[in-house]
Structures are given as structure tokens and as C-alpha cells.
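Here the structure is laid out as C-alpha cells; the discussion comes afterwards.
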Amino acid sequence: MHSTWNIGDLIQNRWEVHRVLRGGMGIVYVVFDRKWHEAFAAKSFQDEVFERNPAAKAMFEREAMAWINLDLHPNIAQARFLQVIDGKPYLFLEYVAGGDLSKWIGTPFLVEDSVLSLRLAVQFCDGMRHVTSKGIKVHRDIKPQNCLLTHDGVLKITDFGLAKIWDNSSEDSRRKHSPLSSTDLSQTGSAAGTCTHMAPEQFLDSKNVNLCADIYSFGVMLFQMVVGTLPFVGKNFEEFALQHLRASPHLEAVQHKEIRQVIQKCLRKDPSTRFQNFDELRASLAAIYKRETGSAPPSPAVGEELSAYHLVNKGKSIGDLGHLEDSLGCFDEAIKLSPSLAEAWYNKAASLIEIGRYSSALECLERTTTLKPSLAFAWSAKGEALLQLGRPLEAVQALEKACALNPREPVSWYKIGCVFASLAKHSEAVSAYKKAVRLSPNLMEAWFNMGHSMGLLGDNNGVICCCENALRIDPEFSRLWILKGLALRSLERHENALECFKQAGRLGDPTAARHIASCREQLEHPDAEAYFRRGSEFQQEGSLAEAVRCYQMGLNIDPSNVIIWNNLGAAYLGLKQGEEAARCFEKIISIHPRDADAWQNKGLALFSAGKHSEAILCIQESKKLGG
């Protein structure tokens with residue numbers, strides 16, 4: 001039972017591998033099915049898991065079938081079928097292209113939007129209510145990584161039942177991994193779940209827990225959503241166990257009083273005093289949502305609308321893998337089933353934008369905003385289409401509408417920045433980009449574009465800061481290295497710039513060689529102005545000896561440059577070398593004998609050197625000249 005594939009491989013002449021995601025024990029292949037023209041996430045365990053536990057394969061297949069039998073629900077990641085490939089079982093799931101909830105934990109986009117947190121929490125409860133109605137008694141691994149999000153902001157719960165397979169693993173093997181993050185912990189394959197989110201009773205007897213353990217884990221996750229951090233912190237399994245068993249959570253960090261009360265009830269140590277099911281929990285959350293918004297949270301889609309939603313998510317997932325024409329077919333099917341489903345029209349428009357059919361996209365978006373004027377991301381896409389059609393002023397209006405509807409949506413602010421940049425309004429662009437990255441610090445494109453606009457405004461230090469933030473997200477993006485190198489070169493930091501250009505060259509950037517050659521030329525044949533700027537930087541930093549060295553090299557090239565002589569004199573004064581400073585100002589006087597400032601500065605330098613009588617004569621001469 002050995003099967004490993006890489007990106008670009010074709011599994012059994014049917015499934016194209018687009019991504020490979022490996023955990024400590026699990027493996028997921030994101031694939032496009034050539035037969036059914038659909039995207040899937042094919043999930044299994046790594047070979048050694050099945051080899052270590054002969055019963056694991058049968059258990060995997062049994063739990064996978066239980067998941068498949070959950071049927072269709074908008075808040076459940078649908079398990080479609082089980083396939084054994086080269087003797088190894090794979091569960092084929094719908095591919096949800098929006099990623100998981102963990103990427104939003106700790107961002108203002110989520111932390112500062114209690115209504116969004118409540119809406120996602122209600123969707124989670126709806127998913128769990130469906131699951132329990134289908135006979136699954138407990139999930140046992142509730143955490144943000146197991147909550148997927150569609151691009152339209154719909155939460156889907158995943159990983160039902162498979163964690164139970166780890167029940168036959170030894171406790172020691174589960175605990176030997178260093179739990180540096182909740183992701184690492186989940187990947188150790190713990191039967192109990194993930195110790196950052198586990199209920200107290202799970203630490204004591206992981207096999208015999210009920211739905212109240214999931215209620216507790218949900219409370220931990222809800223705390224993360226509204227605060228941005230975990231309610232309990234530990235360095236290893238044992239520390240987390242002690243915290244969950246004995247410590248009280250720091251609920252004062254939850255600003256919203258009613259949400260705090262819900263979390264407090266979820267996190268009670270005694271299971272019998274928590275919410276006893278997700279119906280009861282949903283009712284509490286829905287009441288808060290209604291008081292916040294004036295309306296009840298939406299109920300899950302059913303019937304044709306549910307089938308249409310499923311087609312929309314299928315189309316979006318296919319499009320995420322680059323099969324945009326196939327995705328349009330899914331959206332058209334969804335529109336036939338449910339012509340008033342605004343999300344279907346919006347997603348069709350998004351695919352049309354991707355393939356450059358902006359006029360058709362705009363028509364779909366007009367239909368979308370008519371059907372559902374409150375759909376912020378539709379206004380955002382409309383702004384993008386208008387920009388591409390050469391209508392930037394209308395684009396700004398559409399994007400401002402998106403931001404008014406949802407001021408915490410980072411992509412809309414990013415697009416506003418792009419529009420302003422296209423109009424050469426770079427100060428306004430930078431302001432919009434800053435709002436985007438505050439809401440979503442991992443929005444690499446916003447950091448990059450903000451750096452570009454800052455460069456056009458002459459703020460090279462700002463460019464470097466933006467590039468460094470972006471490179472932490474994507475160090476393989478060669479254009480970031482080029483942009484950073486250009487800013488460093490403008491600051492006369494040629495050695496650092498050269499390293500950036502070399503890195504871009506290693507990443508295959510076609511412009512890198514030209515920049516490297518230019519940078520080397522400046523290093524080998526610098527002009528006096530370059531040395532002056534470099535010396536001024538050192539002087540401002542207080543590195544006076546380095547400043548003196550740069551100024552002297554500049555004067556070797558241009559010995560009559562009075563500005564450099566003046567700065568060199570000031571640097572010598574800072575170093576308490578009065579006579580050296582006086583010689584610099586004397587040089588300026590030899591070039592411009594009637595320079596009153598030079599006479600005064602020479603006097604101050606001589607005074608600093610203890611030559612008081614000579615200093616007085618210089619000061620007097622300065623006054624005669626009007627200094």
C-alpha cells in the first residue's frame with residue numbers, strides 16, 4: 001500500500017493533481033476529475049498509519065461511509081464517494097475553495113465584526129444539528145481548521161468521524177509531538193481530538209464523550225473568533241490538559257457581553273451544565289443575532305435552492321483549479337434551477353472576470369445587485385469589472401458601496417486602492433491599501449501594490465517595509481525582490497539591493513540580470529552624490545565615523561562639492577575633532593570666500609579645538625559678511 005503523487009500527476013488517467021496537502025498523519029490531494037468535470041479533495045492517511053495499524057483501513061472505510069451517508073447540507077462538506085487506489089482508501093470530498101476558518105482567526109475582519117462571527121456560529125450549529133439528526137453522536141475534533149469557508153462566506157464543517165480511527169494509537173505516540181500550534185496538534189493523529197480545543201472529559205476518557213464535548217470545543221472556537229486568541233495556552237499536551245481541567249478562561253477578553261455569556265456556558269467544566277445540544281445553542285446565538293441586526297439569521301437552504309447552492313460551490317471549486325469554462329456550466333445550471341439566486345449570478349460574473357469577459361460579467365453583476373442589493377462582494381466585483389472596462393469613476397462608486405455595506409471586507413479596500421493607483425492618485429491608493437492589510441495582514445497583493453504606490457511617492461523606506469511584509473507571505477514572488485531592490489538602490493544601499501536582485505534572478509525573474517548589472521556598475525563606479533546620500537543616512541543614524549568615510553570618498557570624486565565639505569565638517573564636530581572640522585570649512589571658504597556661514601562654522605570648530613583667538617576672528621568675519 002504505497003501511493004504518492006505530486007502536482008501535475010494524473011491518477012489512474014482520471015484525476016489531475018493540482019495541490020498536495022500533508023499533515024502529520026493525513027494527506028489530501030486537490031484534484032480535477034476529468035470524467036465528471038468536478039473538483040475534489042481526496043483525503044486519506046499516510047502509508048505508515050495503515051501499516052502500523054492493520055485495522056485502520058477497515059475503520060477508515062467505515063467512518064468514510066458514515067460521512068457519505070450524511071447527505072447534502074449547505075453547512076457540511078459533502079463526502080461524495082470512497083475509492084480504493086493501489087490498495088489505499090481515499091475519501092473524495094467536495095473541494096471548498098475558500099480555505100478554512102483559521103486564516104481569519106485574529107484578523108480585524110473577524111474579530112471586529114460580531115455579526116459575522118454570530119452568522120458563522122449559527123451556520124456551524126445548523127451543520128451540527130443536521131449531523132446529529134443523521135446519527136453521528138459526536139465530532140470530537142471541532143476547531144477552525146475543520147471549518148471550511150466558501151468564497152461566499154458559507155461555513156462547512158469537515159472531518160467527521162475520521163479522528164476516531166486514532167483510538168487504537170498509543171497515548172505516548174500522540175503526545176510525543178511538540179504542540180506549537182493547533183494545526184500541529186491536530187496532525188499528530190490524537191484520538192481525543194486537538195488538545196487546544198478538547199473538553200476536560202476528553203482528556204480523561206476520549207472514547208466515551210457525548211455532544212457536550214463538541215459544545216465545549218465550539219466554545220473555544222467561538223472565543224477565538226471574537227478575541228483572536230485561545231482561551232487557554234500551553235506548550236504541550238499536559239499543560240493544555242491542566243488548563244482545560246482546572247483553569248478558568250479569561251472571559252473578560254470577550255467584549256460582547258451576550259456572546260461572553262454563551263462562551264461561558266459552553267466552557268463549563270461540568271458537561272451537564274453546558275448547552276445540551278446545538279438546537280439550544282443555536283437559539284441563544286440567533287436571539288443575539290436578531291438583537292444585533294433586527295432580523296433572524298438565515299435558515300439553511302433546502303430543495304432546489306440547496307441543489308443550486310451546491311452547483312455554485314462546485315463551479316467555484318472547479319474555477320479555483322483553472323477550469324473556468326466548466327465552472328460557467330455549473331453556474332448556468334444553478335441559475336436554471338433557481339433564477340433568483342443572486343450568488344449564482346455573482347459567481348458566474350466572477351468566472352467571466354477571470355477569463356476577461358468584463359461586459360458579460362457586468363451584465364451578471366447588474367442582475368446580482370438587483371436581486372440582492374446588500375451583497376457587498378457583488379458590488380466589489382462590479383467595481384473590478386468597471387475598472388477593466390475603463391470606467392474608473394464608476395468603479396470607485398461601486399467599490400465605495402461595497403465598503404459601506406461591509407467596511408471590514410479587505411478585498412474591496414484593496415480594489416479601491418487599485419482604482420486610485422490607475423488614476424495616479426497614489427496617496428489615496430496607499431490609504432486604501434492600508435485599510436486592506438489592517439483587516440487582512442496576509443493580503444500579499446495589497447502589500448505589493450502599496451509598496452509600488454509608495455515608491456512612486458518617493459517613500460523608499462515605506463516600499464521596503466511593504467515588501468518585507470509581503471515576502472513573509474510569499475518569499476517566492478520575484479517581483480517583490482525587484483521592488484525592494486529598487487527602493488534599496490534609491491537609498492544608495494547598493495550591496496543590499498544587489499542581494500535582492502540576485503534573489504529575484506534565482507527565482508527566474510527576466511529583469512533581474514539588468515538590475516544586477518546596473519547595481520554592480522553603481523557599486524564599482526559610484527558618483528559623489530551617491531556617497532553624499534549614503535553619508536547623510538549614516539549621519540542621521542549617528543554613525544558618524546561611517547558618514548566621514550562616505551563623505552571622504554565622495555570628495556575624492558568631486559573635491560569642490562561644498563555641500564559634502566559642509567556635512568563632513570559637521571560630522572567631525574560631532575566626533576569632537578574640531579581641527580579637522582575647521583579644515584573642512586576652510587576648504588569651503590577657499591571656494592566661496594564670502595560665505596558667512598562657512599566663516600561662522602569655522603569659528604565654532606576652532607572654538608571646539610581650543611583655539612579661541614582664531615575662533616573670534618572667524619566669527620567677526622562672519623558678522624562683517626552678514627552672518
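Search segment 312-339 for residues that are part of a helix (DSSP H, G or I) and pair each with any residue that is among the hydroxyl-bearing types (Ser, Thr, Tyr) and surrounded by fewer than 18 Cβ atoms within 10 Å (Cβ to Cβ) when their beta-carbon atoms are under 7 Å apart and the residues are at least 6 apart or on different chains.
Qualifying pairs under 7 Å: 337/307.
Quick check: anything in segment 300-312 modelled with pLDDT under 95 and more than 30 Å from residue 34 (Cα to Cα)? Quick ask: steps written out before the conclusion?
Initial filter on segment 300-312 (modelled with pLDDT under 95): 300-312.
Among the residues that remain, those that are also more than 30 Å from residue 34 (Cα to Cα) are: 300.
Yes: one or more hits.
Quick test of your reading of the structure: residue 227 fulfils all but one of (1) in contact with a Ser or Thr (Cβ under 7 Å, 6 or more places away or on another chain); (2) modelled with pLDDT of 90 or more. Name the failing condition by number.
(1)
Please return the ranges of helices (runs of 4 or more DSSP H) entirely within segment 418-522 where 2 or more residues are over 25 Å from the mean Cα position of the chain (by Cα) and not assigned by TED's automatic domain parsing to the domain that holds residue 116.
Working: elements: 426-439, 444-456, 460-473, 478-490, 494-506.
Fully inside segment 418-522 and qualifying: 478-490, 494-506.
Please state which one of 261, 255, 276 is in the same structural domain as residue 229 (by TED's automatic domain parsing) and more than 22 Å from residue 200 (Cβ to Cβ).
Just a single option satisfies the conditions, and that option is 255.
Inspect all residues belonging to segment 166-178 and state whether any of them is under 28 Å from the mean Cα position of the chain (by Cα), buried (at least 24 other Cβ atoms within 10 Å of the Cβ) and either at pLDDT below 80 or closer than 29 Å to residue 259 by Cβ (or both).
Just the residues of segment 166-178 that are under 28 Å from the mean Cα position of the chain (by Cα), to begin with: 177-178.
This time we only want the ones that are buried (at least 24 other Cβ atoms within 10 Å of the Cβ), so: none.
No, segment 166-178 contains no residue that is under 28 Å from the mean Cα position of the chain (by Cα), buried (at least 24 other Cβ atoms within 10 Å of the Cβ) and either at pLDDT below 80 or closer than 29 Å to residue 259 by Cβ (or both).
In segment 237-267, which residues are in contact (Cβ under 8 Å) with a residue 40 or more places away in the chain and either crowded, with 19+ Cβ neighbours inside 10 Å or over 25 Å from residue 292 (Cα atoms) (or both)?
Scanning segment 237-267 gives 237, 238, 240, 241, 244, 245, 259, 262, 263, 266, 267.
Inspect all residues belonging to segment 43-54 and state whether any of them is assigned to a strand (DSSP E or B) and either closer than 18 Å to residue 156 by Cα or in the same structural domain as residue 155 (by TED's automatic domain parsing) (or both).
Checked segment 43-54: at least one residue is assigned to a strand (DSSP E or B) and either closer than 18 Å to residue 156 by Cα or in the same structural domain as residue 155 (by TED's automatic domain parsing) (or both).
Starting from residues that are of a type in the set (Gly, Ala, Ser) and touching a Ser or Thr at 6+ places or on another chain (Cβ under 6 Å), keep the ones in segment 319-369 and report whichever is surrounded by the most Cβ atoms within 10 Å (Cβ to Cβ).
Only one residue fits best here, namely 327.
Okay, residues lined up against (1) under 19 Å from residue 310 (Cβ atoms); (2) modelled with pLDDT under 85; (3) charged (D, E, K, R); (4) in contact with a strand residue (DSSP E or B) (Cβ under 6 Å, 6 or more places away or on another chain):
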position: 68; (1), (2), (3), (4): yes, no, no, yes
position: 71; (1), (2), (3), (4): yes, yes, yes, no
position: 78; (1), (2), (3), (4): yes, no, no, yes
position: 98; (1), (2), (3), (4): yes, no, no, yes
position: 104; (1), (2), (3), (4): no, no, no, no
position: 112; (1), (2), (3), (4): no, no, yes, no
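Between a first residue in segment 34-55 that is free of Cβ contacts under 8 Å to residues at least 40 places away in the same chain and a second residue that is part of a strand (DSSP E or B) and small (Gly, Ala, Ser), which pairs have beta carbons less than 9 Å apart while being 6 or more apart in sequence or on different chains?
So the pair list comes out as 46/26.
Condition check ((1) free of Cβ contacts under 8 Å to residues at least 60 places away in the same chain; (2) buried (at least 19 other Cβ atoms within 10 Å of the Cβ); (3) in a helix (DSSP H, G or I)) across all residues:
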site: 553; (1), (2), (3): yes, no, yes
site: 571; (1), (2), (3): yes, yes, yes
site: 576; (1), (2), (3): yes, no, no
site: 582; (1), (2), (3): yes, yes, yes
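Of the residues 537, 524, only one is in contact with a Leu (Cβ under 8 Å, 6 or more places away or on another chain), at pLDDT below 90, over 24 Å from residue 611 (Cβ atoms) and not basic (Lys, Arg); which? Let's see the steps before the verdict.
Numbers: 524 fails: in contact with a Leu (Cβ under 8 Å, 6 or more places away or on another chain).
None of the other options fit; the residue is 537.
Can we say residue 348 is among the basic types (Lys, Arg), outside the structural domain of residue 116 (by TED's automatic domain parsing) and touching a helix residue (DSSP H, G or I) at 6+ places or on another chain (Cβ under 6 Å)?
Here the answer is yes, as residue 348 does meet what is asked.
Condition check ((1) under 22 Å from residue 438 (Cα atoms); (2) in a helix (DSSP H, G or I)) across all residues:
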| site | (1), (2) |
| --- | --- |
| 120 | yes, yes |
| 123 | no, yes |
| 128 | no, yes |
| 140 | no, no |
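For segment 89-126, give me the residue count where each residue is within 30 Å of residue 48 (Cα to Cα) and among the β-branched types (Val, Ile, Thr).
1
Condition test on residue 316, is it surrounded by fewer than 18 Cβ atoms within 10 Å (Cβ to Cβ) and of a type in the set (Lys, Arg)?
no
Return the only residue of 103, 88, 57 being within 24 Å of residue 206 (Cα to Cα) and either crowded, with 17+ Cβ neighbours inside 10 Å or among the basic types (Lys, Arg) (or both). Let's see the steps before the verdict.
Details: 103 fails: within 24 Å of residue 206 (Cα to Cα); 88 fails: within 24 Å of residue 206 (Cα to Cα).
Unique residue meeting the criteria: 57.
Can you run down the residue pairs with Cβ atoms below 8 Å, 6 or more apart or on separate chains, where the first is in segment 408-432 and polar (S, T, N, Q) and the partner is not in a helix (DSSP H, G or I)?
As it stands, the answer is 412/406; 427/457, since those pairs meet every condition given.
The values are calculated or read from the model by the stated rules, or taken from the named source; none is laboratory data. Note that the structure is a prediction, hence the values are computed from the model and not measured. For neighbour counting, all protein chains shown are included, and Cβ atoms are generated from backbone atoms with ideal geometry for every residue, glycine included.
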